[in-house]
1. Does region 1-40 hold any residues that are part of a helix (DSSP H, G or I) and free of Cβ contacts under 8 Å to residues at least 12 places away in the same chain, and which are they?
2. Right, residue 61: over 15 Å from residue 130 (Cα atoms), in contact with a helix residue (DSSP H, G or I) (Cβ under 6 Å, 6 or more places away or on another chain) and part of a helix (DSSP H, G or I) or not?
3. For residue 54, work out the one condition from (1) in a helix (DSSP H, G or I); (2) exposed (fewer than 13 other Cβ atoms within 10 Å of the Cβ); (3) at pLDDT below 90 it doesn't fulfil.
4. Since residue 117 meets every condition but one in (1) surrounded by 12 or more Cβ atoms within 10 Å (Cβ to Cβ); (2) without any contact (Cβ under 8 Å) to a residue 60 or more places away in the chain, which condition does it not meet?
5. Please determine, by comparing only the residues of region 41-59 that are without any contact (Cβ under 8 Å) to a residue 40 or more places away in the chain and in contact with a strand residue (DSSP E or B) (Cβ under 9 Å, 6 or more places away or on another chain), which one is farthest from residue 1 (Cα to Cα).
6. Considering each residue of region 61-87, count those that are more than 28 Å from the chain's Cα centre (by Cα) and either surrounded by 14 or more Cβ atoms within 10 Å (Cβ to Cβ) or not assigned by TED's automatic domain parsing to the domain that holds residue 18 (or both), and give that number.
7. Check every one of the helices (runs of 4 or more DSSP H) wholly within region 68-156 and list those with 3 or more residues that are under 30 Å from residue 25 (Cβ atoms) and modelled with pLDDT of 90 or more.
């Protein structure tokens, strides 16, 4: 580590344990090349064999003194870590919602056919799925990929009926038509 102000430099060894979410624990000590390899092997071995509480105690033994958390970072660095954590979390949940939607799409269609309300959790899953499709299509168009009409039966289950089935404020048939129409116009202009 080198100070940008004083240009003082020190070599450090760090150990970071990510429990979950924004819960981190970090130990810091002066770097010792011989000790570094032994410590790494020991801690990874402990991680594979011991409970989490015991691993934390081993880290405390290897990195005595003050432990550090995200709150010890500067605000801009905390925000950077938070954005990274949110991006990973949202990608994981989006995948879950897409799976829920795909597994229940026929049920949503059936509920729509019998004029029965779609339960809110399925509306949320469908909203995420439809939004994902729209964002993905916009990304492809932005990258210069040509607009193509759906080919398969599942692709033909277009965005319009899905939005209509949901009756959610964020996803309406008119907003889907506006989005699709705008995408087609942008595509025609590129041709």
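1. Passing the criteria: 33, 34, 37, 38, 40.
2. Criteria not met by residue 61.
3. (3)
4. For residue 117, the failing item is (1).
5. Kept after step one, since they are without any contact (Cβ under 8 Å) to a residue 40 or more places away in the chain, are these residues of region 41-59: 41-58.
Now restrict to residues that are in contact with a strand residue (DSSP E or B) (Cβ under 9 Å, 6 or more places away or on another chain): 43, 47, 52, 55-56.
On the way: 43: 23, 47: 27, 52: 29, 55: 26, 56: 25 Å.
Filtering region 41-59 for residues that are without any contact (Cβ under 8 Å) to a residue 40 or more places away in the chain and in contact with a strand residue (DSSP E or B) (Cβ under 9 Å, 6 or more places away or on another chain), the one farthest from residue 1 (Cα to Cα) comes out as 52.
6. Let us first name the residues in region 61-87 that are more than 28 Å from the chain's Cα centre (by Cα), namely 61-66.
Pick out the ones that are also either surrounded by 14 or more Cβ atoms within 10 Å (Cβ to Cβ) or not assigned by TED's automatic domain parsing to the domain that holds residue 18 (or both) and you get 62-63.
So the count comes out to 2.
7. Working: elements: 75-113, 120-142, 153-156.
Counting at least 3 such residues, we get 75-113.
The values are calculated or read from the model by the stated rules, or taken from the named source; none is laboratory data. Because the structure is a prediction, the values reported are computed rather than measured. All Cβ positions, glycine included, derive from the backbone under ideal geometry; neighbour counts span all protein chains shown.
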